[in-house]
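A.B. asks: I have a structure here, written as structure tokens, and I will follow up with some questions on it.
The values are calculated or read from the model by the stated rules, or taken from the named source; none is laboratory data. Every value quoted in this text rests on a predicted model; they were computed, and no experiment measured them. In this analysis, Cβ positions are derived from the backbone assuming ideal geometry, glycine residues included, and neighbour counts consider all displayed protein chains. The protein model used for the area step is the full one, side chains on, heavy atoms only, and it has no ligands, DNA or RNA in it. Shrake-Rupley method; radii C 1.70, N 1.55, O 1.52, S 1.80 Å.
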Amino acid sequence: MDLVCPRDRTALRDGACEQGHEYEVVDGIPVLLVDEDEPTHAACGRIEQLPPPPKDGVDPFVQEVIGATCGRLYEHLIADLPEYPIPELRLPPGGRRTFLEVGSNWGRWCVAAARRGYVPTGIDPSLKGVQAARRVAEQLGVDAEYVVGDARHLPFPDASFDVVFSYSVFQHFSKRDALAAFDELGRVLKPGGTSLIQIANVYGARSLWNQARERRFREPRTLFDVRYWSPRELRGELERRVGPTELVADGFLTLNPQPTDLALLPGRYRAVVRTSEALRAVSDRVKPLVYAADSLYARSTRG
């Protein structure tokens, strides 16, 4: 994994760059955050001790954060998660291509990418999340690398990755921060590379209900509130910053529907996920239905 200074993009050596910017290395993990920017996540830069790793079973950090990382359908599993919920990556086989997950936390999508044949790297502003991701990867026998960093200042050289992926991350960013991150996605992608990101659609049925019920269509009040995007806005910004972009449905009636996790969910949630999958299949044939999805995938190709 080649790393550069997130401020000036010069080479790093022993935690310092050519311009004299210095960064901590904690437990062998480079912490490459830019302190002068407002954080995008409450865990940015915190250096905290993780609970001891388990001899077997699910890592205690994952048990604690499963509701936050995987969504409301998983809140009943907090402290009672029987196995790691590893999703299905909707990309072709990797063939040893390089894969960057932005906002990786404990690394579920990096694990999915490795199992799909990619060479994964994860980046997240949470040191605890990255420490847990390394433990999970080791526990599952997955080869993945991780670094602490900011999506707005990716510490990688230009044209470093074949695929850049992000799920349930940029919908929690302010629009300004998300656009800065989109610029970075385009920068680190190789020519012809693919960016695949998930975003909450402002016109989804449940999205409209949540906006009306929870905040009466007002702007978000807290750091982690969901920011909704219109399909036109999302496609336009990504085409300007990354390249030609196609929108496809990820899910209906929920933002985090993973059919691979049906066995972990109670009956009422299984019905939601099955309905979501049925509507998603229809949307592949009836394209206007994509614009009613609550969760969108934007697939962009770097020119």
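A.B. asks: Tell me yes or no: at least one residue of segment 231-239 is within 21 Å of the chain's Cα centre (by Cα) and free of Cβ contacts under 8 Å to residues at least 12 places away in the same chain.
C.D. replies: Restricting attention to segment 231-239, the residues satisfying the condition of being within 21 Å of the chain's Cα centre (by Cα) are 231, 233-239.
Checking which are free of Cβ contacts under 8 Å to residues at least 12 places away in the same chain leaves us with 233, 236.
Yes, segment 231-239 contains at least one residue that is within 21 Å of the chain's Cα centre (by Cα) and free of Cβ contacts under 8 Å to residues at least 12 places away in the same chain.
A.B. asks: Go through (1) in contact (Cβ under 8 Å) with a residue 60 or more places away in the chain; (2) out of contact with any Gly (no Cβ under 9 Å at 6 or more places or on another chain) one by one and return the number of the condition Arg108 breaks.
C.D. replies: That leaves (1) as the condition not met.
A.B. asks: Sort out for me the helices (runs of 4 or more DSSP H) sitting completely within segment 125-215 that have 1 or more residues that are closer than 19 Å to Trp106 by Cα, of a type in the set (A, V, I, L, M) and open to solvent by less than 20 Å² (accessible area, probe 1.4 Å).
C.D. replies: On the way: elements: 127-140, 175-188, 205-214.
The helices (runs of 4 or more DSSP H) meeting that bar are 127-140.
A.B. asks: Checking Ser300 against (1) among the hydroxyl-bearing types (Ser, Thr, Tyr); (2) farther than 18 Å from Trp229 by Cβ; (3) part of a strand (DSSP E or B): exactly one of these is not met. Which one?
C.D. replies: That leaves (2) as the condition not met.
A.B. asks: Cβ contacts < 6 Å: first residue at pLDDT 95 or above, restricted to segment 126-148; second residue among the basic types (Lys, Arg) and part of a helix (DSSP H, G or I), any location; separation 6+ or different chain. Result?
C.D. replies: Tyr146/Arg134
A.B. asks: Only strands (runs of 3 or more DSSP E) wholly contained in segment 20-105 count here; list those with 3 or more residues that are within 22 Å of the chain's Cα centre (by Cα), crowded, with 18+ Cβ neighbours inside 10 Å and modelled with pLDDT of 95 or more.
C.D. replies: Details: elements: 24-26, 29-32, 98-102.
Once the strands (runs of 3 or more DSSP E) in segment 20-105 are filtered for at least 3 residues that are within 22 Å of the chain's Cα centre (by Cα), crowded, with 18+ Cβ neighbours inside 10 Å and modelled with pLDDT of 95 or more, what remains is 98-102.
Results for (1) closer than 21 Å to Asp250 by Cβ; (2) among the aromatic types (Phe, Trp, Tyr); (3) in contact with a Lys or Arg (Cβ under 7 Å, 6 or more places away or on another chain), shown as yes or no for each residue.
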{"site": "Pro155", "(1), (2), (3)": "no, no, no"}
{"site": "Ala159", "(1), (2), (3)": "no, no, yes"}
{"site": "Asp183", "(1), (2), (3)": "no, no, yes"}
{"site": "Val188", "(1), (2), (3)": "no, no, no"}
{"site": "Pro191", "(1), (2), (3)": "no, no, yes"}
{"site": "Ile197", "(1), (2), (3)": "yes, no, no"}
